[in-house]
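All remarks here apply to the structure that follows.
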Amino acid sequence: MANEIKVFRMNDCDWYAGRNLEEVKTFMLAQTGMPGDEAFDDPQELPDQAMNKLCFRHTDEDDLPEGQTISFAERLAEMIAEGQEFPAFFASTEW
C-alpha cells in the first residue's frame, strides 16, 4: 500500500496524499469547499527528491511546534503506519 500513496502539491501552501491526482483533487474540494480555480495552482505529484528534502513539523493544539522536524517521506510513512485512510490532508504552510 505504501507505494500506492503519493503526496501532491496542490498550490503554494497545501499538500494532500492519495493514490492519484484526480482522487486528491476531488477530496480537497469536498474538504475545503473552494472552487477548483481557487484551490489549485499547478497541482502535481512530489518527486522522491522533494519528499526527502521538504520538512514536516508536528504541532500541538495551539499550533506550536513539537518534536523533531522530519522529511515528508518520513511523515507519509508515519501516516501509513498509523492506518490513515487516504486521500487525506497532508501538510500546509497556512496552519
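The values are calculated or read from the model by the stated rules, or taken from the named source; none is laboratory data. The shown structure was predicted, so the numbers you read here are calculated from the model rather than taken from an experiment. As a convention, Cβ positions derive from the backbone with ideal geometry for all residues, glycine included, and neighbour counts pool all protein chains shown.
Structure notes:
- Verdict on GLU61 being of a type in the set (Asp, Glu) and part of a loop (DSSP other than H, G, I, E, B): yes
- Candidate set: the stretch 67-95, residues that are assigned to a strand (DSSP E or B) and among the hydrophobic types (A, V, I, L, M, F, W, C); chosen: the one farthest from ASN11 (Cα to Cα): ILE70
- Qualifying residues in the stretch 37-54 (those that are of a type outside the set (S, T, N, Q) and over 13 Å from CYS13 (Cα atoms)) - the one surrounded by the most Cβ atoms within 10 Å (Cβ to Cβ): LEU46
- Residue match in the stretch 64-72 (condition: touching a Cys at 6+ places or on another chain (Cβ under 9 Å) and of a type in the set (A, V, I, L, M)): yes
- Yes/no for GLU85 being at pLDDT 95 or above and not small (Gly, Ala, Ser): yes
- From the options ARG75, ARG57, residue that is surrounded by 10 or more Cβ atoms within 10 Å (Cβ to Cβ) and farther than 13 Å from ILE5 by Cβ: ARG57
- Selection status of GLU4, over 16 Å from THR93 (Cα atoms) and either modelled with pLDDT of 95 or more or assigned to a strand (DSSP E or B) (or both): no
- Any hit, the stretch 34-43, residues being part of a strand (DSSP E or B) and touching a helix residue (DSSP H, G or I) at 6+ places or on another chain (Cβ under 9 Å): no
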